[in-house]
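A short write-up of the structure that comes next.
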Amino acid sequence: MIDLLAIAAHPDDVELACAGTMLMAKRDGKRTGIVDLTEGELSTRGTVASRRGETEAASKILGLDYRANLGMPDGNIELSQENLHKLIVQIRKLRPTIILAPSKYERHPDHESAAELAHRAWFYGGLAKIETVDENGEPQAPHRALMMLHFMQSYTFEPRIIMDVTPVFEERMRAIEAYGSQFIQPKSHGAHFTSEIAGDKTQPETYLTQASFFDWNRARASFYGMMIGTQYAEPFWAQEALGTKDLFSLVTKKVA
Ligand SMILES: [Zn+2]
């Protein structure tokens, strides 16, 4: 069983978008997990094997209780019954209270497909007449998470809620740095990559390897932190209304 489950198209998507929120949940004693739909095999830099090692390192930093890869083809996440079924099996096995998923409108089509697949699996997983079995061939009980939030990747949106991640921010950056093959060594950040590919000039430049990428990632967290009066934060969008039993838990500012 998992309290907070994040679903994403590629290993490193969750880390880049909301590793801080995963860490904050962990810090609060919740059980956390990530299901990656593909192995990111179309990535310009690194190999599937090197990315697996990086994912493992990042998962350790996040203290995850569960991480799985559904092995769907990168660049071709189909909204098929087969893929839907695979994801429902995971959700019914893990029985999360909250699901984090990509947002509906995204630059990378895989992110949009992952958002749609997560939405369908979230809903149809709750229907008893859709039957699935676990690894042992035992029938699974239906399950629908009580809340679904969408994290921010390339495209921005007006957040419905902003999560303060200041206390775990440096760990969050270390989880991102674990994916060394995807980034260059950022001078301004003082990061220490373990991957040999990081900083290797023979590897091609990509969107992620631009010198400013780390700064942008940090700046976004800083921007949303400013919105709620904290140092760093991660934004989320939700289709359904968000409630609270404690108005005071919504106070994040220290100065009015
Ligand atoms: Zn991605």
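The numbers here are math on the coordinates, done by the rules we state, and not lab data. Bear in mind the structure is a predicted one, so any value in this text is a computation, not a measurement. Positions of Cβ are backbone-derived with ideal geometry, glycine not excepted, and every protein chain shown enters the neighbour counts.
Summary table
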| quantity | calculated |
| --- | --- |
| Dipole magnitude of region 4-250 about its Cα centre (Cβ charges: Lys, Arg +1; Asp, Glu -1), debye to nearest 20 | 580 |
| Placed amide H near Tyr232: partners under 5 Å, 5+ positions off or other chain | Val165, Thr166 |
| Amide H contacts of Ala6 (H built 1.01 Å from N, under 5 Å, at least 5 apart or other chain) | Gly33, Ile34, Val35, Leu100 |
| Integer Hz, Karplus 6.51/-1.76/1.60 couplings in order for region 166-180, x for Gly and Pro | 3, x, 10, 4, 5, 5, 4, 5, 5, 5, 5, 4, 4, 8, x |
| Rounded to 5, percent antiparallel among DSSP beta bridges of the chain | 30 |
| Karplus-derived 3J(HN,Hα), 6.51/-1.76/1.60, for each residue of region 31-37, Hz, glycine and proline x | 8, 10, x, 10, 10, 8, 7 |
| Shape of region 1-129, Cα gyration tensor, a/c cut at 1.5 | oblate |
| Globularity ratio of region 62-146, using Cα Rg and 2.2 N^0.38 Å | 1.09 |
| Top of Asp12, Asp215, Asp28 by mean-square fluctuation, Gaussian network on the chain, Cα under 10 Å | Asp28 |
| Per-residue Cβ neighbour rank within 10 angstrom, fewest leading, Phe157, Phe214 | Phe157, Phe214 |
| Stokes-Einstein D for region 4-250, Kirkwood Rh over Cα pairs, 10 °C, 1.306 mPa s (µm²/s) | 86 |
| Taking Ser249, Ser113 and counting other C-beta atoms within 10 Å, the order from fewest to most | Ser249, Ser113 |
| Neighbour-count ranking [beta-carbon atoms within 10 angstrom, fewest first] of Glu41, Glu135, Glu177 | Glu135, Glu41, Glu177 |
| Nonlocal amide H pairs with Lys104, under 5 Å, H built at 1.01 Å | none |
